[in-house]
Amino acid sequence: MRHLLGIEGWRRDELEALLDRAQAHLPGRPDATNILRGKVVANLFFEDSTRTRTSFHMAAKGLGASVMNWTQTGSSVSKGETLLDTARNIEATGPTVIVMRHRSSGAPHLVAKHVRCAIINAGDGTHEHPSQALLDAFTLRQRWGSLDGRTVLILGDIMHSRVARSNLLCLRALGARVVLCGPPTLMPPGLEAMGAEVTHSLDSALPQADAVMCLRLQLERMSENFLPSTREYSRLFGLNAAREERMKEGAVVMHPGPINRGVEIAPSVADGARSVILEQVSNGVAVRRAILEVCAS
Amino acid sequence: MSSTVLFRRGRVIDPRNGVDGVRDVLVRDGKVVEVSEAPLPVPASAEVVDANGKWVVPGFIDLHVHLREPGEEGKETVLTGCRAAVAGGFTAVVAMPNTKVVNDNGMVTELVLSRARAANLCHVYPAGAITKGLKGEEMAEMGELVSAGCVAITDDGRPVMNAALMRRALQYSTQFGVPIMVHEEDLTLSAGGAMHEGATSTRLGLRGIPASAEVAMVARDLVLLEETGARLHLAHVSCEGSVRLIREAKRRGLRVTSEVTPHHLILDDRAVGDYDTHAKMAPPLRSDRDVQALREAIADGTVEAIATDHAPHGVLDKLVEFEKGINGIVGLETALGLTLELVHAGVLTATRAVELLTHGPAQAFSLPGGHLAPGAPADVTVVDPTEEWTVDAHRFYSRSRNTPFHGRKQKGRVVQTWVGGRKVFENGQVGPGKESR
């Protein structure tokens, strides 16, 4: 049993092995319904989520586990229960794995120190979202064979993106070059120390990219003056049809969702020939099966 | 009742009076009587302290302590805070006013002083609030606070964001001669931040508090200080930019003093590790470069005092998500060991270290003590500079245990604390009397 709190701390060979396992869980592969039979996976979601929660649910079911879904709405958290009390109570019902999403960075790390079951981080604040990064890497590896020497451009609100952090760590570990692009107000300090290249010019970075990963522009950031307007953001950093044309031949477009269509990405690009957005979603189930398998065994 | 104590052959370090050498110190009726290079005869009925191999230094003075009483007695009380103080070698502490009820009027000041008299361990000097209820809106009655016994005026824990109000408070304070002590934090810059803004906050995905949140306010208040001619004391200075401004202000003769906490001198933002709330404080632990700048500033005299910002909190205040964790750590019982780490590392001389804990703070707030000349209060701390020990938070006299230093090895320890010629701490036991822990 081990936790998946983040990509940080995992070696390349461990990540590769996990992605190899995911390969075996793709639809049409040999039946795996017995792997977690008799075990319980608890989904602990303190923050809204559709695709991640559903994806973990499907993955757990597919491995034969029972799934317990817990959401903050209507729970004792609204009565003032602390995170640790909630987690300990859930643990007492006997799950093998807790899949946890929380709005505070580091919340799964706190829980992992105080419970005995394995913790899978399904997104913590603005810190990490490791299963998303793994499914993104899986999708790219499926296409390219290897990530070595490839350039991935991550575009948008880097500061508030756990997807960006996990992907940066994961893609770098797997041999890719990672360029981060967005407005300076949404670029925290020290990204270079994590192995990234940083630019504020999408138009100069775009032609080098083998993949462009758009991030959701969190519209609530507008009131905090990170940006003057979505219009200006879209003009400077939106992936529109004109920009799509200047991309490398064969380069792909990704998005972790949910999408603000017409803001960070034009509908025609999101649904266009380069888009692998729905592949990401379906690969997500296979990758999460592999994660559950590794963490529950 | 007359009491006489002779500290024999200790290394007396008394920076204010230029003493550093083996001396005998004779104390009678709560005052220092004589400090002698030659051995003194033992007076009849004197208690003799064999200080051979030990340091005999003025009792430490902490300008920045939260005693939590009234209002949060589960975290600390005046009594438990005083026990922690004397166990740490402190003979005087300045109590911050952000209690619940706030010390913004003479009645609260008197309550704290009466609790301190009952505790009867060390000197407690209350600080009164700048603004009523620490709300930053209306000035508190500074005259009443000072006449009730407040030695400084501060909204510590919060900045005074309204610059006009701050200017008036500085002006108004000049008639009383008390320092205005400030917690420098521009709340619009620190908003939402949980730790220092830098590579570590980025890696951990925590909103950062930029150094400018402090430095910008230091700059503002130095400008206001210059106009008003008041006395300004900067609490818990944490970054290089602040130090640079203080240095320049002093060069121009402004009446500014400041303090740095032991934890800001020892730890940088990497101590947050994987979301350790025991490394969460305001101001946050800064970068390594800031730590180096602070070390230079205490060594070269830019900063006068090491103050603990002793901030007791309950277990549940820290056993939460990092962003929810309450700021602050306890400091009274680890201050000497951490300061001596800087001596062992060659950052400070022994004399300068003692000065930062004694004469420096005494002078900043015009407090008695902080030195050992004849006539001075017999507030004396005896230190064994060689004893090696390990910090054990479970053994703290403080009612709270929130420290990132639990388990840290230290060299040098307080063996005795004397207040007004009376022994209040010896070899791990707080006295007087037989109070059990």
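The values are calculated or read from the model by the stated rules, or taken from the named source; none is laboratory data. From a predicted model like this one, the values you see are computed outputs, not experimental measurements. With ideal geometry, Cβ positions are generated from the backbone for all residues, glycine too; neighbour counts draw on all protein chains shown. Surface accessibility is based on the protein's heavy atoms, side chains included, excluding ligands, DNA and RNA. Shrake-Rupley method; radii C 1.70, N 1.55, O 1.52, S 1.80 Å.
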Verdict on B:Gly177 being outside any helix (DSSP H, G or I), more than 14 Å from chain A (Cβ to nearest Cβ) and open to solvent by 10 Å² or more (accessible area, probe 1.4 Å): yes
Positions within the range B:286-300 being part of a loop (DSSP other than H, G, I, E, B) and touching a Leu at 6+ places or on another chain (Cβ under 9 Å), in sequence order: B:Arg286
Test: residue in the range A:273-286 that is touching a Phe, Trp or Tyr at 6+ places or on another chain (Cβ under 9 Å), free of Cβ contacts under 8 Å to residues at least 60 places away in the same chain and crowded, with 18+ Cβ neighbours inside 10 Å: no
Flag for B:Lys318 being within 14 Å of chain A (Cβ to nearest Cβ) and surrounded by 23 or more Cβ atoms within 10 Å (Cβ to Cβ): no
Those strands (runs of 3 or more DSSP E) lying entirely in the range B:367-437 with at least 1 residues open to solvent by 40 Å² or more (accessible area, probe 1.4 Å), under 16 Å from B:Ala84 (Cβ atoms) and touching a residue at least 40 places away in the same chain (Cβ under 8 Å): B:409-419
Any chance A:Gly156 is more than 12 Å from chain B (Cβ to nearest Cβ) and under 30 Å from A:Val263 (Cα atoms): yes
Extreme residue, farthest from the other protein chains (Cβ to nearest Cβ), among residues of the range A:105-116 that are open to solvent by less than 10 Å² (accessible area, probe 1.4 Å) and touching a helix residue (DSSP H, G or I) at 6+ places or on another chain (Cβ under 8 Å): A:Val111
The range A:117-137, residues that are surrounded by 24 or more Cβ atoms within 10 Å (Cβ to Cβ) and either out of contact with any His (no Cβ under 8 Å at 6 or more places or on another chain) or of a type in the set (Phe, Trp, Tyr) (or both): A:His127, A:Glu128, A:His129, A:Pro130, A:Ser131, A:Gln132, A:Ala133, A:Leu134, A:Leu135, A:Asp136, A:Ala137
Test for B:Arg115: is it at pLDDT 95 or above, surrounded by fewer than 23 Cβ atoms within 10 Å (Cβ to Cβ), in contact with a helix residue (DSSP H, G or I) (Cβ under 8 Å, 6 or more places away or on another chain) and not polar (S, T, N, Q): yes
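Going through A:Glu81, A:Glu91 one at a time, which residue ends up being assigned to a helix (DSSP H, G or I), open to solvent by 10 Å² or more (accessible area, probe 1.4 Å) and acidic (Asp, Glu)?
Testing whether each residue is assigned to a helix (DSSP H, G or I), open to solvent by 10 Å² or more (accessible area, probe 1.4 Å) and acidic (Asp, Glu) leaves just A:Glu91.
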Enumeration of residues in the range A:47-78 that are in a loop (DSSP other than H, G, I, E, B) and more than 14 Å from chain B (Cβ to nearest Cβ): A:Asp48, A:Ser49, A:Thr50, A:Leu63, A:Gly64, A:Ala65, A:Thr73, A:Gly74, A:Ser75
A:Gln23 within 14 Å of chain B (Cβ to nearest Cβ), among the polar types (S, T, N, Q) and surrounded by fewer than 18 Cβ atoms within 10 Å (Cβ to Cβ): no
